[in-house]
Amino acid sequence: MSPAAASPVPAIVVMGVAGCGKSAVGSRMARLLGLPLIEGDDFHSEHNVRKMQQGQALTDEDRAGWLRRLGAELAGCRGGAVLTCSALKATYRESLRAAVPGLRFVHLAIGSDESLRRVAARTGHFYPASLVTSQFEALQDPSAEPGVLTLEATATPDELARQAVAWLVPGWFEIQQCVIDYD
């Protein structure tokens, strides 16, 4: 029995500023839950990628088409999915919620110094460390919104994924232990 078959899981967005660990945590959550992973960065237009590579922050207009594409991708995953997406502003999150009612968010909160350190240490990614400040300027704290779990991103990706899965599907780990014991 697949993990997703044991308990229905809603669509989930792993969100936060650059360097918070969205991809690492999201991929672990998708693997644990047996769900597809949608890597939000893969859906940026060439224009948006070039703009960021040149050290220019994206505008709301730049992000609008990207958010529509991500919402459509999520809506197409009827059995649930894990999306990694910065989702910095409330309007961005509302756009995604409009596409997928019941959408849940895991906000990986991190300080600006740690974010900058992590982004500066990355290799092979189009997002430069010079844009980290703009992420914090755009971030609107989602913690008071419904369906949002905020976690401190200083924990390991494995621990963050376990905490998020336990929040999404209470008792999930106990269910999985029973499935493993039964097999």
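The values are calculated or read from the model by the stated rules, or taken from the named source; none is laboratory data. Computed from a predicted model, the values in this text were never measured in an experiment. Note: ideal-geometry Cβ built from the backbone for every residue, glycine included; neighbour counts use all protein chains shown. Ligands, DNA and RNA are excluded from the accessible area calculation, which covers all protein heavy atoms including side chains. Shrake-Rupley method; radii C 1.70, N 1.55, O 1.52, S 1.80 Å.
What to note about this one:
- Test: residue in region 123-137 that is at pLDDT below 85, outside any loop (DSSP other than H, G, I, E, B), of a type in the set (S, T, N, Q) and farther than 27 Å from Leu33 by Cα: yes
- Taking region 42-71 as the range and being closer than 29 Å to Thr156 by Cβ and open to solvent by 50 Å² or more (accessible area, probe 1.4 Å) as the test, only Asp42 passes.
Each row is one residue, and each column tells you yes or no for (1) out of contact with any Lys or Arg (no Cβ under 6 Å at 6 or more places or on another chain); (2) of a type in the set (D, E, K, R); (3) under 25 Å from Ala155 (Cα atoms).
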| site | (1), (2), (3) |
| --- | --- |
| Arg78 | yes, yes, no |
| Ala81 | yes, no, yes |
| Ser86 | yes, no, yes |
| Val100 | yes, no, no |
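- If you filter region 1-21 down to residues that are open to solvent by less than 50 Å² (accessible area, probe 1.4 Å) and at pLDDT below 90, you find that the one that is farthest from Ser86 (Cα to Cα) is Ala6.
- Verdict on Ser143 being open to solvent by less than 20 Å² (accessible area, probe 1.4 Å), under 20 Å from Ala161 (Cα atoms) and in a loop (DSSP other than H, G, I, E, B): no
- Conditions (1) in contact with a helix residue (DSSP H, G or I) (Cβ under 8 Å, 6 or more places away or on another chain); (2) surrounded by fewer than 17 Cβ atoms within 10 Å (Cβ to Cβ); (3) modelled with pLDDT under 95; (4) of a type in the set (Gly, Ala, Ser); number of the one not met by Ser115: (2)
- Residue count for region 22-37, restricted to those that are touching a helix residue (DSSP H, G or I) at 6+ places or on another chain (Cβ under 7 Å) and either open to solvent by 30 Å² or more (accessible area, probe 1.4 Å) or within 14 Å of Ala87 (Cα to Cα) (or both): 6
- Counted residues, region 70-114 - those being polar (S, T, N, Q) and under 13 Å from the mean Cα position of the chain (by Cα): 2
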